[in-house]
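What follows is one structure encoded as structure tokens, with my remarks underneath.
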Amino acid sequence: MNSVPEPFHAARFIKEIGRGKKGARSMSREDARDLYAAMLERRVSDLELGGIVLAMRIKGESVDEIAGFLDAAEASFTPLSVPSGEMAPVVIPSYNGSRNIPNLTPLLAMLLAREGVPVLIHGVTSDPGRVTTAEILAQLGVVPSQTAEQAAAGFAQRRPVFMTIEALAPRLAGLLALRRILGVRNSTHTLVKIMQPFAGPALRLTSYTHPEYLEMLSAYFSAAAPVQRGDAFLMRGTEGETVANPKRAQQIEWFHEHQRTVLVQKQEPVDEMPPLPHSSDAETTAKWIAEALNGRQPVPAPILEQVEHCLHIAKHLHARQVFHDKAG
């Protein structure tokens, strides 16, 4: 006999967060965790759920709120086991795709994977008007992993693993889908870009599109992120993706045990553009990526630099975890 989830009455939270951008008050980390857990478990009525989503959209998330939401989000699905090897996993969220310049996220992932890095890409398969990473990966012969076992097999074969958010974290996928109903993004769109899906330390590649998110995410990784979950790179998104802009490098900051270090300085505009696919469609982009991997096209310098930094930190994270395991 299936038990009916106990309803979670959210009015006391909505009363505080629903007073507009200037009048609203933020929740504590614990309250935010409890509220978001109830949302994920659908113990909140549809009316309250819509009220919460719109209130947070107007108010914006505080550091404590995003931390509490993420605590609940990561507890809502079974984490992936950390693959064996000499490097910690690299996590690449892909929820935007590209509208104008070619989406080279698959190139970044494949360059890392062939160096032995366990690479997990998670995201959506399609987005109207955009070319998604999943569509390009499909052209390159990479099919989505539906289970943790399939993902483990991909890591063992030194292939980038792509998992849809529905396969990786189905409850989060349910809240993402609210956008189709309400017409606006919600806090879940931020959470999927910063979550860490592994049971052990990993390097997260994260990005932002609006300046206020740079401030909030920097504060989160500088003070509130659990250090045992690993490190993070934060950069302005390339059309929302976490791959370096092939035309000119953007600033990349590394967060390690709440310490913030600039790894890559923002590059000034250059007159000469690097060779890129002549079209941004999935088939053309995939063919160009295959040529770049085979040395017939030059890999853009900003992406090569990003790869080198990822390799260095992935090795460092693994070595540190081995040390802690032996010391413990």
Is there any pair with a first residue in region 173-201 that is within 30 Å of residue 85 (Cβ to Cβ) and a second that is among the small types (Gly, Ala, Ser) whose Cβ atoms are under 7 Å apart and which are 6 or more apart or on different chains, and what are they? 191/73; 193/207; 195/73; 196/202; 196/230; 199/81; 201/88; 201/230
Scanning for something free of Cβ contacts under 8 Å to residues at least 24 places away in the same chain and surrounded by fewer than 18 Cβ atoms within 10 Å (Cβ to Cβ), does region 26-44 turn up at least one residue? no
Across region 202-216, the tally of residues that are in contact (Cβ under 8 Å) with a residue 24 or more places away in the chain, closer than 19 Å to residue 123 by Cβ and crowded, with 17+ Cβ neighbours inside 10 Å stands at 7
Can you tell me which of 227, 243, 262 is touching a helix residue (DSSP H, G or I) at 6+ places or on another chain (Cβ under 8 Å) and among the aliphatic types (A, V, I, L, M)? 243
Run down 248, 320 and say which single residue is modelled with pLDDT under 95 and under 21 Å from residue 209 (Cβ atoms). 248
Of those in region 261-290 that are outside any loop (DSSP other than H, G, I, E, B) and β-branched (Val, Ile, Thr), the residue modelled with the lowest pLDDT is 264
All positions within region 103-133 that are in a helix (DSSP H, G or I), of a type in the set (A, V, I, L, M) and within 15 Å of the chain's Cα centre (by Cα): 108, 109
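The values are calculated or read from the model by the stated rules, or taken from the named source; none is laboratory data. This one's a predicted model, so the numbers in the text were calculated from it and none came from an experiment. Counting neighbours? That spans all protein chains shown, and the Cβs are built from the backbone with ideal geometry, glycine included.
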